[in-house]
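First comes the structure, then the notes that go with it.
The values are calculated or read from the model by the stated rules, or taken from the named source; none is laboratory data. Predicted, not measured: the structure shown is a model, and the values here were computed from it. Heads up, the Cβs are rebuilt from the backbone with ideal geometry, glycines too, and the neighbour counts pull from every protein chain shown. Accessible surface areas use protein heavy atoms only, side chains included; no ligands, DNA or RNA. Shrake-Rupley method; radii C 1.70, N 1.55, O 1.52, S 1.80 Å.
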Amino acid sequence: MAPFYAMTVSEFVTALGLQGQGVFDLEWRLSEGQGALIAARTGLSPEAVQSMTFRELGAAARMMIARKNRSPCPHCPEDLHRKAAALPWRFRCPVHGVEFRDATGETLSDRFGTDRFKKLEGHAEIGAAHLDAWARGAGQEDLEAPEVLQVLTARHRQASPPNVSEQPRMSLKDRRDYHDFLTTPILRQALTVVVPEYDQVAPVLAKPVRPGLHALAQGSLLQCFALTVGIGRIVEDPVARAIDVLLASDMNGQVRVREALRSWPLSLRRRISARFWRAEREERARQTAEKAARQRQSHKYRLIQSHKYRYRVS
């Protein structure tokens, strides 16, 4: 409101008679007296003033509120911070409907490709609705957002250097020059299993996200979008997604993932255990069949020989 009156924020707070008050504390929650004072000075109703605050959010969501624009809208003034865009699971401007841009000016559809981004947006909308309900303290059926984030940010495999598919094409000289990069161990998190599209487009060294709620509070635009998509997919089918992560985990990773799953409801954990046993058995049978097929293929006689030598010698 301060730019509307051609004032700085501190001048505006003083003019309202609230000198000495922190602006972030006022945005978080106004007392009835403070709300009535601002309403009287600005001509707004007390309800309109209170609606500008974050009082409806729970205490756990407070750490996620952005103090400045995380990702700017190209059509909005730079000094305008919209309440609807203050939380990290918003990826379009609520007024203009355009995608937010990261620090490099790139949009998510530029990163993923337009078609793939449109498909991911459906999962992101489900995840954002789930996060909104949790932040406002609305009742949730089975899983709360922190319990899902704990699984998404769990390390499901041992840290390892970039594999061949993650490495850019390099000459031998470049490989020697970038030896440190090629041998840097990277944390492997369940997020890349639940959202493999993120694994394909994220910069190699920037793939790991912070644990738990800090992943959303301090993540980049790409990381927050991937986490929101991951939450949406887990909410849609928690048992199948948990089994996908467990099957992709190594021995120590399974222990860490199961530890993260302990906060999930007992009924879900029982279904995961029952279906995981069957899925593991089917996976072993598939691998055995593939190995036998490869062995049969390797023992087949060649019907055409490039050179003719004496009998039974190729």
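I want to confirm something. Restricting to region 144-186 and keeping residues that are β-branched (Val, Ile, Thr) and over 20 Å from Val201 (Cβ atoms), which single residue is farthest from the chain's Cα centre (by Cα)?
Here the residue is Thr183.
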- Query: Hey, any hits in region 115-124 for a residue that's without any contact (Cβ under 8 Å) to a residue 12 or more places away in the chain and touching a Phe, Trp or Tyr at 6+ places or on another chain (Cβ under 7 Å)?
  - Reply: no
- Message: Can you tell me how many residues within region 14-44 are within 24 Å of Ala59 (Cβ to Cβ) and aliphatic (A, V, I, L, M)?
- Response: 5
- Message: Looking at Ala215, Ala226 in this structure, which one is farther than 30 Å from Ser51 by Cβ, open to solvent by less than 30 Å² (accessible area, probe 1.4 Å) and of a type in the set (Gly, Ala, Ser)?
- Response: Ala226
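Just give me the residues in region 259-273 being within 22 Å of the chain's Cα centre (by Cα) and of a type in the set (A, V, I, L, M, F, W, C), in sequence order.
So the first thing to find is which residues in region 259-273 are within 22 Å of the chain's Cα centre (by Cα), and the list is 259-264.
Ala260, Leu261, Trp264 - these are the residues of region 259-273 that are within 22 Å of the chain's Cα centre (by Cα) and of a type in the set (A, V, I, L, M, F, W, C).
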- Item | Within region 8-29, considering residues that are surrounded by 13 or more Cβ atoms within 10 Å (Cβ to Cβ), modelled with pLDDT of 85 or more and touching a helix residue (DSSP H, G or I) at 6+ places or on another chain (Cβ under 8 Å), the one nearest to Asp79 (Cα to Cα) | Phe12
- Query: Which of the residues that make up region 17-58 are among the aliphatic types (A, V, I, L, M) and closer than 28 Å to Arg101 by Cα?
  - Reply: Val23, Met52, Leu57
- helices (runs of 4 or more DSSP H) contained entirely in region 196-301, each with at least 2 residues that are of a type in the set (Asp, Glu), in contact with a helix residue (DSSP H, G or I) (Cβ under 9 Å, 6 or more places away or on another chain) and in contact (Cβ under 8 Å) with a residue 24 or more places away in the chain: 266-298
- Query: Consider Gln21 against the criteria (1) assigned to a helix (DSSP H, G or I); (2) free of Cβ contacts under 8 Å to residues at least 24 places away in the same chain: it satisfies all of them except one. Which criterion is unmet?
  - Reply: (1)
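Of all the helices (runs of 4 or more DSSP H) wholly in region 87-195, which have at least 2 residues that are open to solvent by less than 60 Å² (accessible area, probe 1.4 Å)?
Details: elements: 108-112, 114-135, 145-152, 172-177, 179-182, 191-194.
Ranges flagged: 108-112, 114-135, 145-152, 179-182, 191-194.
Look through region 64-86, keep the residues that are outside any helix (DSSP H, G or I) and open to solvent by less than 30 Å² (accessible area, probe 1.4 Å), and return whichever of them is farthest from Val229 (Cα to Cα). Steps first, please.
Taking region 64-86 first, the residues outside any helix (DSSP H, G or I) are 65-82, 86.
Okay, now just the ones that are also open to solvent by less than 30 Å² (accessible area, probe 1.4 Å), so 65-66, 71, 73, 76, 86.
Working: Ile65: 19, Ala66: 20, Ser71: 18, Cys73: 21, Cys76: 26, Ala86: 18 Å.
Applying the filter and picking the extreme gives Cys76.
For region 42-63: of the residues being among the charged types (D, E, K, R) and surrounded by fewer than 14 Cβ atoms within 10 Å (Cβ to Cβ), which is farthest from Val9 (Cα to Cα)? Write out each step before concluding.
Start the filter on region 42-63 by keeping residues that are among the charged types (D, E, K, R), which leaves 47, 55-56, 62.
If we keep only those that are surrounded by fewer than 14 Cβ atoms within 10 Å (Cβ to Cβ) too, we end up with 47, 55-56.
Details: Glu47: 21, Arg55: 20, Glu56: 23 Å.
Looking at the filtered set, the residue picked out is Glu56.
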